[in-house]
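*Asks:* This is the structure, below, for whatever I ask next.
The values are calculated or read from the model by the stated rules, or taken from the named source; none is laboratory data. All values derive from a computational prediction rather than experimental measurement. Glycine gets a Cβ as well: all are built from the backbone with ideal geometry, and neighbour counts include every protein chain shown.
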Amino acid sequence: MKHLMSLLKNSCESLNDPHGNSFTGEKLLENLCGSSDELLSDKNIADGKMLSHFLGAMENSMRLIGPQLKEPVTRMEMNNT
């Protein structure tokens, strides 16, 4: 998840710098799905509090990624998500 948060931060910062390194919404969504799939496959969510933090991070990430997607509907599938 740290890698994903770094990508999201860089993507937001690149909006101020037109020559900066930016990522497409699709690439960010792919990273979000991959990160969540990895986290879920390792069974790191042990209790309700951890699940709540995970879902909060997913929701906030989607709020940042959604406006950057080119298509109104995007589908991705991973093993656990």
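*Asks:* Could you please find all residues in region 40-77 being in contact (Cβ under 8 Å) with a residue 12 or more places away in the chain and within 13 Å of the chain's Cα centre (by Cα)?
*Replies:* Of everything in region 40-77, those that are in contact (Cβ under 8 Å) with a residue 12 or more places away in the chain and within 13 Å of the chain's Cα centre (by Cα) turn out to be PHE54, ALA57, MET58, SER61, MET62, LEU64, ILE65, GLY66, PRO67, GLN68, LEU69, MET76.
*Asks:* Do we find a residue being charged (D, E, K, R), in a helix (DSSP H, G or I), at pLDDT 85 or above and surrounded by 11 or more Cβ atoms within 10 Å (Cβ to Cβ) anywhere in region 53-67?
*Replies:* Scanning region 53-67 turns up no residue that is charged (D, E, K, R), in a helix (DSSP H, G or I), at pLDDT 85 or above and surrounded by 11 or more Cβ atoms within 10 Å (Cβ to Cβ).
*Asks:* Restricting to region 68-81, count the residues that are over 14 Å from LEU32 (Cβ atoms), hydrophobic (A, V, I, L, M, F, W, C) and modelled with pLDDT under 85.
*Replies:* Number of matching residues: 0.
*Asks:* So, in region 35-52, of the ones that are part of a loop (DSSP other than H, G, I, E, B) and of a type in the set (A, V, I, L, M, F, W, C), which residue ends up surrounded by the fewest Cβ atoms within 10 Å (Cβ to Cβ)?
*Replies:* Among residues in region 35-52 that are part of a loop (DSSP other than H, G, I, E, B) and of a type in the set (A, V, I, L, M, F, W, C), the one surrounded by the fewest Cβ atoms within 10 Å (Cβ to Cβ) is ALA46.
*Asks:* A follow-up question, please. Looking only at residues that are surrounded by fewer than 17 Cβ atoms within 10 Å (Cβ to Cβ) and touching a Leu at 6+ places or on another chain (Cβ under 9 Å) in region 1-21, which one is modelled with the lowest pLDDT?
*Replies:* So, considering only residues that are surrounded by fewer than 17 Cβ atoms within 10 Å (Cβ to Cβ) and touching a Leu at 6+ places or on another chain (Cβ under 9 Å), the one modelled with the lowest pLDDT is MET1.
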